[in-house]
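The values are calculated or read from the model by the stated rules, or taken from the named source; none is laboratory data. Fair warning: this is a prediction, and the values are worked out from it, not measured in the lab. So basically every Cβ, Gly included, is an ideal-geometry build from the backbone, and we count neighbours across all protein chains shown. Protein only, heavy atoms only, side chains kept; ligands, DNA and RNA dropped before computing areas. Shrake-Rupley method; radii C 1.70, N 1.55, O 1.52, S 1.80 Å.
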Amino acid sequence: MGAIVSYIRGSLAFCCYFINTLFWVFPIFIMSFFKLIPLSATRTLCTHFLDFCASAWISVNNIIENTLHPFKLSVDGDTELSTKEWYMVIANHQSWVDILILQRVLNRKTPFLKFFLKQELIYVPVLGLAWWALDFPFMRRYSNAQLKRNPKLRGKDIEITRKACAKFKSKPVSVMNFVEGTRFHPSKHSKQNSPYTHLLKPKAGGMAFALSAMGEHIDKLIDISIYYPDKVPTYWEFISGQVKEVKVHMRISEIGDELRGDYLKDRHFKIQFQEQLNLIWQQKDQVLTEFAQANHREEA
C-alpha cells in the first residue's frame, strides 16, 4: 500500500513540476528574444524580468514540495542573507536533489541562484534554452587528449568562464559551483583516495576563474553542507515523499585577497588557492561528520 501511495504522490508531484516549468518557461522564452537587442537598458530590464520569473518558478516549486511531499528542513549556521549582495556559493554534491535543496534554502533570500552547467546541458529540451536565457554559465571542459590534438583549445574553457561571469557585474547574483566536479559516490571516493570522509577532492579552477572574472563585485562566500540523515535520495525518492528530513549548515565568510589572483599564470597563487579550498573542505567534512554522529545517537 505504501508503495502505491508513493507512486501516486511522485507522479502527481512530477506532473505539477512539469506544468509549473512550462508555465514559467514560456515568458522566459519570449523575453529571451528581447534580450538579444543590443541596448544595455533593454538587456538590464530583461534580466530583472527573467530573474523575477525564475524566482517565482522556484517559489511555486517550493509550494508543491510543501503540499505533496513535505519534509523537515533544518538549517543552522550563518543565515543572515541579502538580495543586494553578490555571492559565490559552494556545496557538497551527492544527488540532483541537492539543487532543489539549495533553491529552497536560498530563493528570495539571495539574488537568484545561477549554476555552472556542462556545455552539453544547453541541449536539454526546454530547460537548456531557459538556462541560457537566465545567463547560467555553461562550462566546456577539454580532456588532456583533446588538448594534445589541438593545443589552441588550451585556455578556451577559462575564457568562456570569464565571459559568462562578466554578465553578472551589473546586477547582484549568486553564482553556484559544485567544486567536487561530480556527485559523490563511494567508488569515486575510493578511486580518488580522497582524504575526506564524506567528500571528494575539491577542484579549484572553476571557482578561481569565476572570482577572477567577477573582480571586486563578489565579496562573500556561502559554504553550504547538505546532509541526508536516512540516505542520499534519488529525484524520484524525493518527489514521492520518501525523504523525511534534510539538514543544512551554512557558513558565510568574506572573500579575501588570498582568494583573488591569476590562477592560470601565478603558480604561487594557484597553490595558495587550492590550500585555502582544502581548508574549507576539511571544515565541511567535519560538519558532515558531526551531522552523521548526531544522527547515529538519535537512532541508538
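Consider segment 112-130 and keep the residues that are at pLDDT below 80 and outside any helix (DSSP H, G or I). The one that is farthest from the chain's Cα centre (by Cα) is V126.
Within segment 186-205, the residues that satisfy the criterion of being at negative phi, of a type in the set (S, T, N, Q) and loosely packed, with under 15 Cβ neighbours inside 10 Å are S187, S190, Q192, T197. Screening the candidates K35, K84, K72 for the property of being on the phi < 0 side of the Ramachandran plot and touching a Cys at 6+ places or on another chain (Cβ under 8 Å) yields one hit, K35. I want to confirm something. Restricting to segment 209-240 and keeping residues that are among the small types (G, A, S) and out of contact with any Gly (no Cβ under 8 Å at 6 or more places or on another chain), which single residue is modelled with the highest pLDDT? Taking the candidates together, the pick is S225. One residue stands out among those in segment 27-69 that are assigned to a helix (DSSP H, G or I) and charged (D, E, K, R): the one that is most open to solvent (accessible area, probe 1.4 Å), which is R43.
Restricting to segment 283-300, name every residue that is in a helix (DSSP H, G or I) and of a type in the set (A, V, I, L, M, F, W, C).
V287, L288, F291, A292, A294 - these are the residues of segment 283-300 that are in a helix (DSSP H, G or I) and of a type in the set (A, V, I, L, M, F, W, C).
Identify the residue in segment 206-233 that is of a type in the set (D, E, K, R) and touching a residue at least 24 places away in the same chain (Cβ under 8 Å) and, among all such residues, is surrounded by the fewest Cβ atoms within 10 Å (Cβ to Cβ).
D219
Residues in segment 98-111 that are in contact (Cβ under 8 Å) with a residue 24 or more places away in the chain and within 11 Å of the chain's Cα centre (by Cα): D98, L100, I101, L102, Q103, L106.
Looking at T79, T67, T83, T44, just one residue is more than 24 Å from F18 (Cα to Cα), out of contact with any strand residue (DSSP E or B) (no Cβ under 8 Å at 6 or more places or on another chain) and either free of Cβ contacts under 8 Å to residues at least 40 places away in the same chain or among the hydroxyl-bearing types (S, T, Y) (or both), and that residue is T44. Of all the residues in segment 235-278, those that are open to solvent by 70 Å² or more (accessible area, probe 1.4 Å), in contact (Cβ under 8 Å) with a residue 24 or more places away in the chain and not aromatic (F, W, Y) number 6.
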